[in-house]
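Structure below; questions to follow.
Values in this text are rule-based calculations from the coordinates and carry no lab data. These numbers were taken from a predicted model, which means no experiment stands behind them. For neighbour counting, all protein chains shown are included, and Cβ atoms are generated from backbone atoms with ideal geometry for every residue, glycine included.
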Amino acid sequence: MNDTSLENTYVLIMAGGVGSRFWPKSRNSFPKQFIDIMGMGKSLLQLTYERFLHVCSKDNIYILSNEQYSDLVSTQLPDLPLANIIAEPSRNNTAPCIAYASFKIRQLNPDARIVVAPSDHLILNEPVFLEKINQALSFIGEQDALVTLGITPTRPDTGYGYINYEKAEVEGLHKVIRFLEKPNLEKAQEFVASGDYLWNAGIFIWSAKAILSALAIHSPSIYNLFEKGEDVYNTPEEGSFIQDNYPLSENISIDYAIMEKAENVYTIPGDFGWSDLGTWASLYDVVEKDEHNNAFSGHTLNFSETTNCMIQIPKDKVAVIKGLDNFIVVDDGKVLLIYPKANEQEIKEVSKAIVIDCGESFA
């Protein structure tokens, strides 16, 4: 990409989620994107930020998060300009925050091209990932298109949404036929066997003009709400406008608001070692394991006859474990979780019950 393209490229990193399926390690006050969940010495947010420094300058990277996390973002990303932390005053899902940021960026640069990406995903093959991003950026520079990166499925996973796409391609991109929500196992098996479906990774590439046009057509209430602030974006009056108006926006994801309705949606199939790290089991799948298939971090553990377990223990604590198979063991110092991996989808609801019984400090 030439220098002009780089100047016109912006990245929105979505960092407002709670990550409740990683409870008790991930809490409302310190969710998973801020945790060194991989044991690499850097949080998922820091890894994501560094990855996108290969796409554009730090001045063009924006972090979209809830206002309660503004200090965490600035602490973990000290080189990021403070003005590039977009703090949402309420949790209204992804469509409103993307709309807000897109109006803000268009006001700065009408020719802006925007990449939207989660802050808490794992990318093992960054060169291939960046190649796909640049391919999409080139395409949207010439086409009125909304592009999503699709992941070539490796198994019939029921935890992901799917993208049904046409085999015909234009410059390596494929027209999207439809998006499908998380299927049952039988459907997921059909999708993978057909070769016509990709996993939906929630990584989007479009121009500011294209996404705002799509919002005007398919989500006019959100578009009209944020259009009222066009004269105040990037001025001292922006903060008060957002405080007053943002909570009034519809609570809806960008997938429902735009991607499932628009006709100019394309996808790029990719295989770059992606995981959404949505659950303890998904983390277990990608981390290093010992000879008994245990993945552990923390203090040296004393365990025997223990296999296929995900174990995280504080560095100042010794754990003695015997006879467990296929369990999640997480001790965050305040909460100890010992739970079958096969039932990990229940953890989100378990955490809610603990909060009701024991108080918000356990959320």
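Given the -39500 (n - 2.57) contribution per DSSP H run of 4+ residues, what per-residue ellipticity at 222 nm results for the chain, rounded to the nearest 500 deg cm²/dmol?
-8500 deg cm²/dmol
Using packing as a proxy for protection, rank 226-236, 118-128, 315-325, 97-107 so that the peptide with the highest average count of other Cβ atoms within 10 Å comes first.
In descending order of packing, they fall as 97-107, 118-128, 226-236, 315-325.
One quarter of the convex hull surface, Cα atoms only: what value does that give for region 287-362 in nm²?
With the hull built on Cα positions only, its mean projection is 5.5 nm².
Obtain the radius of gyration and the Kirkwood radius of region 3-275 from its C-alpha atoms and give Rg over Rh.
Over the Cα atoms of region 3-275, Rg/Rh equals 0.94.
List the relative contact order of region 3-275 as a percent without decimals, with contacts defined as Cα pairs under 8 Å and 6+ residues apart.
24
Moving on. Which order do the peptides 219-225, 178-184, 28-34 take when ranked by the mean count of other beta-carbon atoms within 10 Å per residue, highest first?
28-34, 219-225, 178-184
OK, next. Note down the net charge around Ser219, summing +1 for each Lys or Arg and -1 for each Asp or Glu among other residues with Cβ under 13 Å from its Cβ.
It works out to a net charge of -3.
Which residue, Ala145, Pro81, Ser119, has the largest displacement toward the positive end of the dipole of the chain when charges sit on each Cβ (Lys, Arg +1; Asp, Glu -1)?
Ser119
Do any of Lys182/Lys289; Lys25/Lys352; Lys42/Lys348; Lys32/Lys348; Lys58/Lys261; Lys32/Lys261 go past 23 Å between their Cα atoms, and which?
Lys182/Lys289; Lys42/Lys348; Lys58/Lys261; Lys32/Lys261
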